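The values are calculated or read from the model by the stated rules, or taken from the named source; none is laboratory data. Keep in mind the model is a prediction, meaning the values are calculated, not measured. Cβ sites come from the backbone with ideal geometry, for glycine too, and all protein chains shown count toward neighbours.
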Amino acid sequence: MWSTERTISDGDVVIVWLTRDMIQPLQIQAAKDFNSRFGNYRQSDFIGIPYGSKVGAKNGKGFVHLLRPTPELWTMALPHRTQILYIADISFITSYLNIHKGSTVIEAGTGSASFSHSVIRTIGSSGHLWSYEFHEARAEKAREEFTRHGFLDIVTLTHRNVCKDGFTVTDTADSLFLDIPAPWDAIAHAKTALRKDCITRICCFSPCMEQVLRTVNALKRIGLHGDNHVPVPLKIGEISERLKKAEARREVKRLRQIAQNQAKGKRKREDGEDGEGEAEGKRVKTEEEKGDEVVEMMQETIDDGEETQVDEPETEKMSVSKVMSEVRGHTSYLTFASLMPAHPSMAPQLDDFELYFT
Amino acid sequence: MSLDLSTGEPSSSSTIHSSSTIKSGNHVLLRLPNGDVRGVKADKDSTITVGRLGSFYANELIGQPFGFTHEIVDKKLKVVPPRTLQEVEDTDATNELINDGEFVQPLTIDEITALKQSGVHASDIIKKQIEMHANYALKTEYSKEKYKKRKEAKYSKTFTTIEPTLFNVCDYWFNKDQSRIRDVRADTLSQILNLANIRPGGRYIAVDEASGLIVSGILSRMGGEGRLITICDTDSPPAYPVMVQMNFEKTMVNTVLASLNWATAEEEYKPIVPPSDLPEDEIRSERQKSRLKKRKGLTDALTNTREELFAGDFDALIVATEYDAMSVLDKLVPYLAGSASIVVQSQYGQILNDLQNQLRNIPGYLCPSVTEGWLRRYQVLPGRTHPTMMTSGSGGFILHAIKVYVHS
């Protein structure tokens with residue numbers, strides 16, 4: 001169950017956050033343990049605490065955060081059976097296809113159900129998702145997940161090859177999403193499944209430009225005009241704080257050194273004889289020259305007395321950010337098309353299902 | 001001509017969304033032949049004027065489904081098929097011998113005006129121009145298509161209505177004046193809504209200084225179910241102009257949306273409200289009675305909203321503000337439930353980078369990360385497929401973090 005309660009119960013699916021790169025789902029079973037590289041836990045200890053809690057390990061060797069599952073966390077945590085869709089694509093497709101509360105959506109194929117979970121969240125209990133997967137084992141896995149998460153009233157999963165056998169609904173969907181190798185084969189069937197009484201939308205997700213061109217031709221053949229977008233996914237900014245501590249420490253030492261030598265040199269000249277003092281005097285002079293700027297800068301401090309204490313110069317901090325060195329450069333091209341309903345005022349030879357370019 | 005089409009609404013009977021047909025009082029976005037989008041109001045019995053295209057009776061538009069192309073003929077509307085995608089064949093033509101010059105297109109402006117006034121249809125004007133164009137035959141087929149399209153944009157009296165989906169309305173505002181919506185491009189808006197896990201029945205807090213674009217997005221995804229409290233910096237209720245084009249169902253908006261300002265959102269603050277309770281014998285008129293009743297309603301609503309905010313346990317916080325984001329978070333994150341999403345938007349990367357820096361050192365914020373969306377559009381035409389030459393430079397930046405409880 002994906003719970004909406006404030007606290008965790010036995011049987012809930014929670015997201016265990018270990019690190020940014022180690023996020024995993026866990027269905028709570030009171031009798032069992034949860035062991036990880038951040039410590040060992042008794043799952044019964046997870047029950048009754050609020051979602052979002054930080055929990056320390058029994059053996060004191062670390063901690064985890066227990067989070068409420070959301071489609072976004074699920075996308076990061078789910079076991080991949082196929083290449084999945086990530087947030088950038090999912091959110092853009094959802095918006096472009098105008099998926100919202102109550103929408104009826106068709107998707108093929110289900111894959112690892114990353115997109116599916118997001119759609120289920122967005123359409124809510126008054127909407128419906130018709131999902132099709134041609135691989136039997138994957139269909140079964142997805143069905144298990146939908147059951148475990150409590151979504152069976154919102155999604156109908158069918159094991160079917162939609163390119164060969166079409167969809168199982170007619171005049172039903174507000175939008176249709178195709179993430180399959182040959183979307184052009186499913187497009188003719190798509191027309192049947194979509195509603196004819198309002199604007200409906202299709203999106204095809206294909207990594208290769210050749211697929212895009214074939215898809216657009218197929219869309220035009222059934223009377224649609226395509227629109228193409230490539231959302232290049234998110235750049236993650238990394239912040240690094242550069243403290244010039246080491247340099248500053250060195251600087252402090254140097255100044256202190258010079259200030260000390262200054263004081264020593266002054267005293268020596270006062271006492272010293274010419275001959276003996278010469279060499280040292282020279283040395284002092286050199287240091288004095290070298291340290292001219294420094295001495296000037298440090299004027300105040302030295303004049304205050306024999307104190308050779310040196311004020312630490314202000315450490316400069318600069319906050320910078322840069323993009324991670326390797327980012328996901330391309331997932332797929334998104335091809336969108338809209339289907340217009342027929343208009344009764346149009347020339348009578350057009351039948352009810354004649355569709356227009358938009 | 002009014003129509004009696006099925007409304008094409010989703011299966012649930014009540015919805016916050018605009019219906020798929022134009023109703024009286026709706027704000028309608030019209031796409032003109034040259035690609036510009038103009039907003040008009042379809043009030044019953046009024047006349048709508050659309051710049052160069054002319055005017056028509058609003059009643060002609062009311063009842064029409066969104067998305068069709070209409071031609072203005074004597075102030076009435078006729079549905080026409082949208083411009084179809086002409087298949088253009090490959091060509092050997094080049095621009096080797098084409099010279100631009102004064103005599104290339106010989107129809108003078110006077111001749112064209114005369115043709116227009118004599119009622120010659122746009123397509124005939126264009127035909128005539130093509131006939132007289134010295135170099136037309138030399139152009140490539142692609143170039144001819146482009147020429148035709150440009151001329152059609154100039155002389156055609158048609159427009160297409162745009163369905164007021166969140167995506168379309170965001171696009172309209174982004175192209176019209178993106179600074180008014182803090183550069184929030186449609187892909188950025190979509191990511192904000194998904195990252196914040198906006199869904200029907202959810203409870204959210206938002207600070208929207210993007211003309212109401214964020215609020216429109218949240219309301220749209222909530223579908224009339226749940227609760228949204230916004231905090232603004234004005235005395236009177238906030239103006240969220242983007243909501244106007246969404247054509248939301250008003251009663252549903254009022255059930256879901258409530259607003260406070262930075263003073264009334266403060267727990268220690270006691271709002272100064274005019275008195276709304278007077279003993280019966282002091283009430284002088286019916287009008288005064290109803291005025292007092294109205295005042296009481298507002299005061300009660302304010303009190304209830306404040307109590308609701310202070311009781312906390314909200315599902316997400318979305319912030320798009322000019323004010324210092326950290327101070328906003330300090331104020332409002334305490335009202336979020338554990339595991340809630342926090343999403344902060346800015347046009348500037350530096351601001352969110354600095355914020356992320358601060359949040360990294362605060363244990364109550366899990367994994368603050370800054371992202372930026374990229375979007376590249378392609379034109380897909382036979383033999384002419386390529387990314388568009390001009391594209392949006394920036395859609396803004398997003399910071400996302402998860403609220404966690406530090407005491408275990």
State the number of residues belonging to the stretch A:311-358 that are part of a loop (DSSP other than H, G, I, E, B), at the interface with another protein chain (Cβ under 9 Å from one of its Cβ atoms) and modelled with pLDDT of 70 or more.
3
Residue that is nearest to the other protein chains (Cβ to nearest Cβ) [pool: residues in the stretch B:343-364 that are more than 23 Å from the chain's Cα centre (by Cα) and under 18 Å from B:E322 (Cβ atoms)]:
B:N353
Kindly evaluate A:K141 against the criterion of being modelled with pLDDT of 95 or more, more than 21 Å from B:S339 (Cα to Cα) and basic (K, R).
yes
Where a residue in the stretch A:189-205 is more than 16 Å from B:E163 (Cβ to Cβ) and its partner, wherever it lies, is in a loop (DSSP other than H, G, I, E, B) and of a type in the set (F, W, Y), with Cβ under 8 Å and at least six apart:
A:H189/A:F167; A:A190/A:F167; A:K191/A:F353; A:T192/A:F167; A:A193/A:F167
May I ask you to verify whether B:T15 is buried (at least 17 other Cβ atoms within 10 Å of the Cβ) and modelled with pLDDT under 95?
yes
All positions within the stretch A:117-156 that are acidic (D, E) and touching a Ser or Thr at 6+ places or on another chain (Cβ under 7 Å):
A:E133, A:D153
Kindly indicate whether any position in the stretch B:190-200 is within 21 Å of A:G124 (Cβ to Cβ), of a type in the set (S, T, Y) and in contact with a Ser or Thr (Cβ under 6 Å, 6 or more places away or on another chain).
yes
Among (1) touching a helix residue (DSSP H, G or I) at 6+ places or on another chain (Cβ under 7 Å); (2) within 9 Å of another protein chain (Cβ to nearest Cβ); (3) in contact (Cβ under 8 Å) with a residue 60 or more places away in the chain, there is one condition B:A340 misses while meeting the rest; what is its number?
(1)
Looking at the stretch B:57-81, which of its residues are outside any helix (DSSP H, G or I) and farther than 14 Å from B:T161 by Cα?
B:Y57, B:V73, B:D74, B:K75, B:K76
Residue among A:S114, A:S125, A:S118, A:S175 that alone is more than 28 Å from A:P341 (Cα to Cα), in contact (Cβ under 8 Å) with a residue 24 or more places away in the chain and polar (S, T, N, Q)
A:S114
How many residues, within the stretch A:19-43, are in a strand (DSSP E or B) and either under 22 Å from B:P363 (Cβ atoms) or among the hydrophobic types (A, V, I, L, M, F, W, C) (or both)?
9
Considering the stretch B:382-398 alone, what residues qualify as being at the interface with chain A (Cβ under 9 Å from one of its Cβ atoms) and of a type in the set (A, V, I, L, M, F, W, C)?
B:F397, B:I398
Can you tell me which condition A:E144 does not meet? The list is (1) buried (at least 23 other Cβ atoms within 10 Å of the Cβ); (2) without any contact (Cβ under 8 Å) to a residue 40 or more places away in the chain; (3) farther than 27 Å from A:D197 by Cα, and all the others hold.
(1)
Matching residues, the stretch B:286-332, being out of contact with any Asp or Glu (no Cβ under 7 Å at 6 or more places or on another chain) and buried (at least 21 other Cβ atoms within 10 Å of the Cβ)
B:F314, B:D315, B:A316, B:L317, B:I318, B:V319, B:A325, B:L329, B:L332
Which ranges mark the strands (runs of 3 or more DSSP E) fully within the stretch B:11-52 that have 1 or more residues being touching a Lys or Arg at 6+ places or on another chain (Cβ under 9 Å), small (G, A, S) and in contact (Cβ under 8 Å) with a residue 24 or more places away in the chain?
B:37-42
Out of the stretch B:192-210, which residues are surrounded by fewer than 23 Cβ atoms within 10 Å (Cβ to Cβ) and more than 10 Å from chain A (Cβ to nearest Cβ)?
B:R203, B:E209
Determine which member of the set A:S125, A:S118, A:S103, A:S175 is modelled with pLDDT of 95 or more, within 19 Å of B:G223 (Cα to Cα) and surrounded by fewer than 17 Cβ atoms within 10 Å (Cβ to Cβ).
A:S125
Tell me which residues, restricted to the stretch A:59-94, are more than 12 Å from every other protein chain (Cβ to nearest Cβ) and either under 13 Å from A:S116 (Cα atoms) or hydroxyl-bearing (S, T, Y) (or both).
A:L78, A:T82, A:I84
Residues in the stretch B:54-76 that are at negative phi, in contact with a Ser or Thr (Cβ under 7 Å, 6 or more places away or on another chain) and within 12 Å of chain A (Cβ to nearest Cβ) total 7
A:T75 passes all but one of the listed conditions (1) under 17 Å from B:S339 (Cα atoms); (2) in a helix (DSSP H, G or I); (3) in contact with a Pro (Cβ under 8 Å, 6 or more places away or on another chain); the exception is number (3)
Does B:L317 satisfy being in a strand (DSSP E or B), touching a residue at least 12 places away in the same chain (Cβ under 8 Å) and either in contact with a helix residue (DSSP H, G or I) (Cβ under 7 Å, 6 or more places away or on another chain) or more than 23 Å from A:D89 (Cβ to Cβ) (or both)?
yes
Residue ID - surrounded by the fewest Cβ atoms within 10 Å (Cβ to Cβ), chosen from residues in the stretch A:15-58 that are within 12 Å of chain B (Cβ to nearest Cβ), among the charged types (D, E, K, R) and within 24 Å of the chain's Cα centre (by Cα):
A:D21
Just the residues that are part of a strand (DSSP E or B) and of a type in the set (S, T, Y), please, taken from the stretch A:1-18.
A:T7
Flag if B:K296 is more than 31 Å from the chain's Cα centre (by Cα) and assigned to a helix (DSSP H, G or I):
yes
Residue check, B:T305 at pLDDT below 95 and either polar (S, T, N, Q) or over 30 Å from A:V16 (Cα atoms) (or both):
no
